[in-house]
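The structure under discussion appears below in the form of structure tokens.
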Amino acid sequence: MAEALVALSIAAVTLALLASATWGLRQTAMRPDALQQEATDWLTARRVLQAWAASATAAGYKQSEGRFLGGPARVRLILDDGTTSTARPMMVGLDIVEEAGLYHLSASRVFDVRDIRLAADDPRQSRLIVSDAPLRFRYLVARADDIPGQTWTYEPGPEHGLPFAIAIEQGSDRMIVAQLSATLSALCVSRLGEAGLRDRECTLQ
């Protein structure tokens, strides 16, 4: 009898442990994995920045004012007519804001804007990333005074033209690098015709 009671007790404890483990696994499966969610957020940010950078252009060499604005916490780009399904011009932006020790990366779009200086100051934004490490934008630009080569900077100026690439840094890590693939200004070439294909003023970088 004693042996039977011991066996029943052991079986009851085993069942309780199994039930507890199953419940714990079920609860874990129902919660989104934090690392997986973070990876998804970074992938979304990468796709957004790469798509927008690929569609950016300006009026020509060193004529990016009004079409591009960059800084360590803000990016603004004008996408040409025809780059969206509705064929409307659009200003796109990315902003980094620090709140309560966390860094938030948000994206925004404003239609029917051809000059970033004329856009509203408070566009509707969608949050992409929340990070406990500092976030910054950095830009690959041509060296000043037409010196051959490229350099990374946090503060690109109109004299640089459009950057060759835009990066997002998290702490000391460069998480995303998106290239601006256009090398000639469609606006400039359409104005000058075939000659614009060889004109230095029609280049963008």
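The values are calculated or read from the model by the stated rules, or taken from the named source; none is laboratory data. Being a predicted model, the structure only gives us computed values, none of them experimental. Backbone-built Cβ (ideal geometry, glycine too); neighbour counts: all protein chains shown. These accessible areas exclude ligands, DNA and RNA; they are computed on the full protein's heavy atoms, side chains included. Shrake-Rupley method; radii C 1.70, N 1.55, O 1.52, S 1.80 Å.
Placing dummy labels 7 Å off each Cα toward the beta-carbon, the span from GLN150 to ALA34 is 3.6 nm. Here the peptides 147-157, 48-58 are ranked by packing, the mean other Cβ count within 10 Å, and the order with the highest first is 48-58, 147-157. What does the charge add up to near ARG124, with Lys and Arg as +1, Asp and Glu as -1, over the other residues with Cβ less than 14 Å from its Cβ? That works out to -1. Given region 92-150, report the % of alpha carbon pairs whose separation exceeds 17 Å. Of all Cα-Cα distances in region 92-150, 57 percent exceed 17 Å. Accessible-area rank, largest first, for ASP112, ASP122, ASP95: ASP122, ASP112, ASP95, with all protein chains present and a 1.4 angstrom probe. Solvent-accessible surface of protein heavy atoms, probed at 1.4 angstrom with all chains present, puts PHE68, PHE111 in the order PHE111, PHE68, largest first.
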